[in-house]
1. Compute the long axis of helix 402-426 from its Cα atoms, compare it with the longest principal axis of the Cα atoms of the chain, and write down the angle in degrees, 0 to 90, nearest 10.
2. Using 1/(1 + (r/R0)^6) with R0 = 41 angstrom and r between the beta carbons of V310 and V418, what's the FRET efficiency to the nearest 0.05?
3. Hey, what do the phi angles of region 111-121 turn into as Karplus ³J(HN,Hα) couplings, whole Hz, using 6.51/-1.76/1.60 and θ = phi - 60°, x for Gly and Pro?
4. What ranking do 367-374, 325-332 get when scored by the average of other Cβ atoms within 10 Å per residue, highest first?
5. Using the alpha-carbon atoms, what tilt in degrees (0 to 90, nearest 10) does helix 36-79 show relative to the longest principal axis of the chain?
6. Would you mind checking which residues have amide H under 5 Å from H94's amide H? H placed 1.01 Å from N; only 5 or more apart, or other chain.
7. Starting with the highest mean, order 75-84, 399-408 by the number of other Cβ atoms within 10 Å, averaged over the residues of each peptide.
8. Pulled fully out, how much extra length does the chain show between L135 and L191, if you take 0.36 nm times their separation in residues and subtract their Cα-Cα distance?
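What follows is calculated from the coordinates using simple rules that are stated; it is not laboratory data. Bear in mind that the values here come from a model prediction, so they are computed numbers and not experimental data. Cβ placement follows ideal geometry from the backbone for every residue including glycine, while neighbour counts extend to all protein chains displayed.
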Amino acid sequence: MTSPSHFSPDHAVPISQRPFSGRDLFTLWFSLGIGLMVLQVGAMLAPGLGLAGAMLAIALGTGVGVLLLGAAGVIGSDTGLSAMATLRLSLGRHGARLPAVLNLLQLVGWGAFEIIVMRDAASLLGARTFGEDSLWNSPLLWTLCFGGLATLLAVSGPLAFVRKVLRKWGIWVLLGACLWLTWNLFAKADLADLWQRGGGGSMSLAVGFDIAIAMPLSWLPLIADYSRFARGGKSVFGGTALGYFIGNTWLMSLGVAYTLAFASSGEANALLLALAGAGIGIPLLLILLDESEKAFADIHSAAVSTGLLVPVKVEHLALAIGVLCTLIALLAPLAQYENFLLLIGSVFAPLFGVVLMDHFVIRRRRAPSVVGGLHWQALLAWAVGVVAYHVIAAKAPELGATLPALLLAGGLHAVLSVSRGRETARA
């Protein structure tokens, strides 16, 4: 019998093999909203917006982002299909291949970045605890350890991880780490002064919003890989949106505050050093271990996307992709994330404007009677949305590009679909 965790990306998961509840999804997405990457994105916002401006951008960006994320999750529970397989309903069988390839590329990149982030944090903790010359300060050692752990989790599949690890004890460990970092911040930092100080003015609120919303939007191309194991749309939407909003807003805000309060400007790994000084590094260590879950999600979903392109079992693809991410992490330096996050938004925000419009408004959550090879109107709307994103980002960055591009792509798809329906009726 097929393991539910490795159910073929091409086929819907039967209702009888969907064990996820709203609590499971809350636990999963709260955990995915927490991590070193999230803290570092908060550190990116801190200098340009200050504490008050950054927290406003985080709340707005994450709030809008989780509504879209939860809605995309409902598509997975409605259809029982993997994320990239659901795109066939909107783009056609051939049209969905392009986003599947793009998704594979960005997930491999994210997986490698996550391993790099874990490696650098673990090396820093090892150097502080055992000395610079210690084996525990070896980047090679930590890259192989975290790459191997993430690959092992990806091969085992999401159901085993969520129900046997996260739900039983992982969520409580993470909650304790977040509470400790929050207590340490309130005990040692003058938050009132930070709040009144303001930012450097080098970043607009709209750009901060786009960076913040890019975090939940980065999960749009893979959320259905997990929500297809749940039954009810309400529990999927509520568990996903609430869990990710709380985790992401909390940790990104801590990243802003710790950067402004404790991180020395210009110092390498300033945020990590500040976090390592809280609770002798134990909260950072716990969040570091949780980071492996994000690399697991990237590797697993990259394998699911690849499974739509080549007839190989998901667990075998996860093993190969995990090895690839580890090799990239060994060779690639830690890059700046801002352009990477905005690039993801430029591609997938307009795409899911089309997909959400198609599923909820045009088809009203019903499966199409026929899935064609190429849905030109959806692809055209997507392309126009991507172009609009880059034009707005270049010519009027103060407006923010993500939401206008998403709404434009979705609206254009609706117009083109209506026009096509009229032509079909006349014929």
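1. 10 degrees
2. Numbers: r = 37 Å, r/R0 = 0.90.
The computed FRET efficiency comes out at 0.65.
3. x, 5, 4, 4, 5, 4, 4, 5, 4, 5, 5
4. Details: 367-374: 10.8, 325-332: 18.5.
Going by the mean number of other Cβ atoms within 10 Å, highest first, we get 325-332, 367-374.
5. With rounding to tens, the tilt is 30 degrees.
6. L374
7. Working: 75-84: 25.2, 399-408: 22.0.
So the order, starting with the most tightly packed, is 75-84, 399-408.
8. Values: separation 56, 0.36 × 56 = 20.16 nm, distance 3.82 nm.
Length difference between fully extended and current span is 16.3 nm.
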